[in-house]
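Enquirer: Have a look at this one.
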C-alpha cells in the first residue's frame, strides 16, 4: 500500500524530453506535473513509482479550483491541483504552502483581476499595487505572519508621507482584496484587514483641494496664450474635459455645434473613455464654435487628424502638456502663484494650476450659470446610477446650452473679436 511522504512534485509549462521524444511546449494555462508514489512491498521494502499528469483548466474545475475567473489556469492553482493528486495517491491531504509572501499573493491576485480591468484602472490601480503592496515594506513578509498591527503601521507610513484620501482609500481596498485572495487560497484562515474587533484607520493629513479659478483668473490665463493653446484652455474651462479626453480629440469629433467625446489617451495609446457616462456629446457655444472653425481651417483635412498634436505630431501626454504649456502660461498670468524650493535650494515661482483645477473651475462657473444641478452633471459627464441623470448626460438639453452661452459671454465678453483677430494672425 502507498504511504505518506511530504512532497510538492514538479510543475512545468512543457513536457520534458524523454524516451527519444523532444521537449514539447504546452498551451498557456496547461502544465505537466510529476510526482512519486511510494509503496511498501510485503517484504518491507519501499518502491518508488513515478507519476505524471497534464493539468488543465477543466481538470482544475473538477476539483472546484479556478472556477472564480476566466482565462488560463494560473500556476498557483495548478500547484493546488497537484497537491490534491499527491494527496489522493498517498491517502492524505497535503496542506497548502503557508509561507507565501504578500508579493506572491498580490501578483496572483493581479493575474486574476487585471484581464477584467479597463485601461484607466490598470494605469492607477496596478501601479499602486506594484509600488505600495508588492514593493512596499510588507511585500517580502509571509502573509501568515502579517497582523492587524502590521497593516495599521503600513497605512500609518503612507499617512505620514502625505498620501491623499483617495490613495489611502485604494490602499485599504486592495489590501483587503489581496488578503481575501489569500484566504480563498487557504494561505491564511482569516483576513486580518477585515477583523471587526480591530478596524484599520487611514485618515489623510493632506487637505482636500477645492481650488478653482475665478472669472478674472480665467481671463488672465487666456490673455497670455494663443492658437491651439488658447482653444485648448477654453475647452478645459468652458466644457470641462479631462486632459486625456482633450488630447484624444480628432477632427471628425467636431460635429456641428457639439463635441463628441468617445476616446481617451491612456499611457500614450487610444482607449475608451473613463466611464460609460463620459461617452457623450458636449455642446459648443457660439464663440467657441467660431474659434474651432478658425483652427480647423489650418490643420490637416484628414477626419482622423488629432486636433491638438504635440510638436512630434502625436497626442500630447498630460504631464508633458502640464509642465511645458499649462504651468508656464499660468506663471506670467500671475494665476495661483506660490514659492517653492528646487533641489539646489533655490526659491522659484510655481503655480497650483493643473487639469483638476480647470475641471473644477468649469464645474463651479458653469454651475453658477445653470439653473438645475443636473445640467452641470450633464456638462461634466459624471457617472450616476439614476436613469434620469444618465439621460441628461447623454443629451444636450436647452438649459445646458443656455448655461454654456452665459458662461462664455462673461468669460469672453467684448474681447472675443480681438482674441479671434490675434488667433488668425498666429495661424497665418
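The values are calculated or read from the model by the stated rules, or taken from the named source; none is laboratory data. Given the structure is predicted, the values throughout are model-derived calculations rather than measurements. For neighbour counting, all protein chains shown are included, and Cβ atoms are generated from backbone atoms with ideal geometry for every residue, glycine included.
Enquirer: So which residues in the range 369-399 are in a helix (DSSP H, G or I) and either farther than 22 Å from residue 243 by Cα or modelled with pLDDT under 55 (or both), if there are any at all?
Expert: Correct list: 369, 373, 374, 387, 388, 389, 390, 391, 392, 393, 398, 399.
Enquirer: Checking the conditions here, which among 88, 34 is free of Cβ contacts under 8 Å to residues at least 40 places away in the same chain, surrounded by fewer than 18 Cβ atoms within 10 Å (Cβ to Cβ) and in a strand (DSSP E or B)?
Expert: Exactly one residue qualifies, and that residue is 34.
Enquirer: Still on this structure, please answer the following. Report whether or not residue 323 is within 23 Å of the chain's Cα centre (by Cα) and free of Cβ contacts under 8 Å to residues at least 24 places away in the same chain.
Expert: On the way: within 23 Å of the chain's Cα centre (by Cα): yes; free of Cβ contacts under 8 Å to residues at least 24 places away in the same chain: yes.
Yes.
Enquirer: Within the range 103-146, count every residue that is more than 12 Å from the chain's Cα centre (by Cα), surrounded by 14 or more Cβ atoms within 10 Å (Cβ to Cβ) and outside any loop (DSSP other than H, G, I, E, B).
Expert: So the count comes out to 18.
Enquirer: So residue 238 fits all but one of (1) within 15 Å of residue 408 (Cα to Cα); (2) assigned to a strand (DSSP E or B); what number is the exception?
Expert: Failing condition for residue 238: (2).
Enquirer: Further question: Condition first: modelled with pLDDT of 85 or more, assigned to a helix (DSSP H, G or I) and under 34 Å from the mean Cα position of the chain (by Cα). Can you find one or more residues in the range 50-57 that meet it?
Expert: Yes, the range 50-57 contains a residue that is modelled with pLDDT of 85 or more, assigned to a helix (DSSP H, G or I) and under 34 Å from the mean Cα position of the chain (by Cα).
Enquirer: Also, quick follow-up: Can you list the strands (runs of 3 or more DSSP E) found entirely within the range 252-304 that contain at least 3 residues being at pLDDT 90 or above and in contact with a strand residue (DSSP E or B) (Cβ under 7 Å, 6 or more places away or on another chain)?
Expert: Here the list reads 258-261.
Enquirer: Kindly establish whether residue 27 is outside the structural domain of residue 174 (by TED's automatic domain parsing), farther than 29 Å from residue 176 by Cβ, at pLDDT 80 or above and assigned to a loop (DSSP other than H, G, I, E, B).
Expert: yes
Enquirer: Something else now. Is the range 183-206 home to any residue that is at positive phi, more than 24 Å from the chain's Cα centre (by Cα) and at pLDDT below 90? If you could, list the steps in order and put the result at the bottom.
Expert: Narrowing the range 183-206 to residues at positive phi: 186.
Add one more test, that the residue is more than 24 Å from the chain's Cα centre (by Cα), and what stays is 186.
Subset that is at pLDDT below 90: 186.
Yes: the range 183-206 contains one or more residues that are at positive phi, more than 24 Å from the chain's Cα centre (by Cα) and at pLDDT below 90.
Enquirer: Turning to a different aspect of this structure: Going by the structure shown, is residue 230 in contact (Cβ under 8 Å) with a residue 60 or more places away in the chain and farther than 30 Å from residue 296 by Cβ?
Expert: no
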